[in-house]
1. Given points 7 Å out from each Cα along the Cα-Cβ axis, report the residue A:329 to residue A:279 separation in nanometres with one decimal.
2. Starting from the 7 Å offset along Cα-to-Cβ, what nm value, one decimal, do you get for the label separation of residue A:263 and residue A:138?
3. Sort region A:240-337 into rounded, prolate or oblate with this rule: let a ≥ b ≥ c be the square roots of the eigenvalues of the Cα gyration tensor; rounded if a/c is under 1.5, and if a/c is not under 1.5, prolate when a/b is larger than b/c, oblate otherwise.
4. Label 7 Å along Cα→Cβ of residue A:123; region A:212-241 residues with amide nitrogen under 17 Å?
5. Using a Förster radius of 22 Å, what is the FRET efficiency between residue A:46 and residue A:223 based on their Cβ-Cβ separation? Nearest 0.05, please.
DNA sequence: ATTAATGATTATCG
DNA sequence: CGATAATCATTAAT
């Protein structure tokens, strides 16, 4: 390994640094103070710190140029909360930045420091390796995905809004003022949700790849002054992707909520209730009062009534359910209407 | 503008 | 699954 050889040479160059000592930050300074110029190490560390800070700030400033996207519903995204609002990149930063980087790379103590960092890392990486991440196929996000697909939000585009509305109106047949209007309205709103969802998703993807690129560039850059294995970069990228996918899940969840609300608003039949026509209620009432002793029409009788009234069987069932309970309430309540304990009806 | 009537939904029970 | 009771959301009536 390249790192290994460099580590070794660097070790000898530093002169007698024992492995046991490296873990303790103070021991490094103590060793330096005795032998080689301590000032150099102090400088070089400071430069590394400065460069790291600056490049991080720069990356963040470029990655999040504007605020978080809009969500529906009330649930705010808790994962979007605390990002450091560090110092904005001033005008002269890049030059200063390049200059310092150059100075650092050319520093004569750099190989030695690199080797020390290699060694420290060699000890700590073992503990990190123990934290192997596994990604179980999250059932939560699977559920959300399935629902979005079923609702046609995340599926393939189904034509423009007006076209879809026209198609719906044409397909509905019958009276054009009844269900087709509401249905097209529903589809329009659904298309709106869908559009927002896709644009947000795209924004997230873009931000994710942008941020990933920045981090990778940063790590590659830093790998010249401190040891970073490709595997670690990979790990970092995986972490970033996980984070962003959790944000995406938030988006999917709020989209699902919006769709649910939309459904309950438009597909709830209570909202488009029409009274049955006079003749239908007459037929139903006739059956009810002529079978008052047993007002429970059989399935067959229900079908016949449904056909006669031009309504569905379940509507007939609803009607008889309502009629029975309301008849009982109106008739049976004379002597002792059921008062509640607090004296109200 | 309030209230009554009414069709539909929901929760609960057997 | 069907019946009931309570409740919702809309329409008709006052």
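Coordinate-derived values only; no laboratory data. These figures come from a predicted structure and were not determined experimentally. Ideal geometry is used to build each Cβ from the backbone, glycine not excepted, and the neighbour counts take in all protein chains shown.
1. Placing both labels 7 Å beyond Cα along the Cβ direction yields 3.1 nm.
2. 2.1
3. Numbers: a/c = 3.78, a/b = 2.52, b/c = 1.50.
It is prolate, given that a/c is not under 1.5 and a/b is the larger ratio.
4. Residues A:227 qualify, since their backbone N sits under 17 Å from the label point.
5. So, using R0 = 22 Å, E works out to roughly 0.65.
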